[in-house]
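Here, each number is a calculation from the coordinates, and none is a lab measurement. Because the structure is a prediction, the values reported are computed rather than measured. Quick reminder, even Gly has a Cβ in these numbers, built from the backbone with ideal geometry, and neighbours come from all protein chains shown.
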Amino acid sequence: MKRFYGEVLVTSSNGGFAVALDGKPVRTPAKAALNLPNVALAEAVADEWRAQEQDISPEDMPLTRLANSAIDRVAPARDLVIDGTTAYGVSDLLYYRAEEPAELAAAQAAGWDPYLDWLKTAHGLEPAVTRGILPVEQSDALKAALRQAVAAYDDFALAGLNVTTALSGSLIVALAVAEGFAGAEDAWEASQVDESWQATHWGIDDEARERSAANRAQFLDAAKFVALARDPA
């Protein structure tokens, strides 16, 4: 699509904020009003529209896409999204440790234990951790507490949290980023301990490298979206 507008402004709208292109409010793909919860997120979305040149490239507008998702996908099916996000925390990446080699087990411990320590301190939760690939059952209390933690996020923050959780394979890592314990860059690296070890010892092909880079970029964008959605301004 060619760029069809000149001026991009943030305006007040229904208790929130909207992005207007030449005075006309942006709408989602489902034709809903793109009402954003705070001015920080609205300005960030507006900046993506301002940055478009002759052609509009949705691929270069990750915050707009996530805002659309929050309105069109998350809000109408909020409980399903909460359940799907929470499911990662029931069988979280951080719970499953290698039996061998010792070097990989040590890397997992160094990368993941700080997040489990944070979970205990911040939420009073101690999930069961195992070695090997056999499933480990978590308590009903832990499942309920994780669901409650996820449900506390509004539709916009939940949209981003769902993405960071899915990409990292860890609800614990995603929550730690959202709640300010870890930076997004460090959290992504922690979620990639296994992949990094394999790449170091066995190498990585170009396709896998490109896929990893794309996932990392999406993770960082989604983490930024969560932070903006939770901005108190």
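Tabulated results
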quantity: Magnitude of the charge dipole, region 57-195, Cβ model with Lys/Arg +1 and Asp/Glu -1, debye to 20; calculated: 420 debye
quantity: Exposure proxy ranking, count of Cβ atoms within 10 Å, fewest first, for 181, 156; calculated: 181, 156
quantity: Of 20, 214, 145, the one that fluctuates the most in a GNM where the chain has Cα springs shorter than 10 Å; calculated: 214
quantity: Distant-in-sequence amide H partners of residue 3 (H built 1.01 Å from N, under 5 Å); calculated: 55, 56
quantity: Lysine pairs in the chain with Cα atoms under 27 Å, if 8 or more residues apart or on separate chains; calculated: 7
quantity: Per-pair calculated FRET efficiency, R0 = 22 Å: residue 134 and residue 199 via Cβ, rounded to 0.05; calculated: 0.30
quantity: For region 1-150, share of DSSP beta bridges that run antiparallel, in % to the nearest 5; calculated: 85 percent
quantity: Charge dipole magnitude, Cβ of K and R +1, D and E -1 - the chain, Cα centre, debye nearest 20; calculated: 860 debye
quantity: Choice from 182, 110, 67 showing the highest fluctuation, given a GNM over the chain with Cα pairs closer than 10 Å; calculated: 110
quantity: Table column - 3J(HN,Hα) (Hz), region 215-222, Karplus curve with 6.51, -1.76, 1.60, x for Gly and Pro; calculated: 5, 4, 4, 5, 4, 5, 5, 5
quantity: Listed residues 162, 81, 33: farthest to the positive end of the dipole of the chain (Cβ charges); calculated: 33
quantity: Local electrostatic count, residue 28, Cβ distance below 11 Å [Lys/Arg +1, Asp/Glu -1]; calculated: +3
quantity: Sorted by Cβ neighbour density within 10 Å, fewest at the top, the residues 197, 188; calculated: 197, 188
quantity: Cα-Cα separations in region 76-229 greater than 28 Å, expressed as whole percent; calculated: 18 percent
quantity: Least to most buried among 2, 143 (fewest other Cβ within 10 Å first); calculated: 2, 143
quantity: Note, ³J(HN,Hα) from phi for region 142-159, Karplus 6.51, -1.76, 1.60, rounded to Hz, x at Gly and Pro; calculated: 5, 4, 5, 5, 5, 5, 4, 5, 5, 5, 6, 7, 6, 4, 6, 4, 5, 4
quantity: Other-chain or far-sequence residues with amide H under 5 Å of residue 97's (modelled H); calculated: 130, 131, 132
quantity: Computed helical MRE - 222 nm, the chain, DSSP H runs ≥ 4 contributing -39500 (n - 2.57), nearest 500; calculated: -18000 deg cm²/dmol
quantity: Volume of the Cα convex hull of region 8-60, divided per residue and given in Å³; calculated: 83 Å³
quantity: Amide H within-cut-off set for residue 13, under 5 Å, with H built and near neighbours excluded; calculated: 18
quantity: Per-residue ³J(HN,Hα) for region 12-19, Karplus 6.51 cos²θ - 1.76 cosθ + 1.60, θ = phi - 60°, Hz, x for Gly and Pro; calculated: 6, 7, 6, x, x, 9, 10, 10
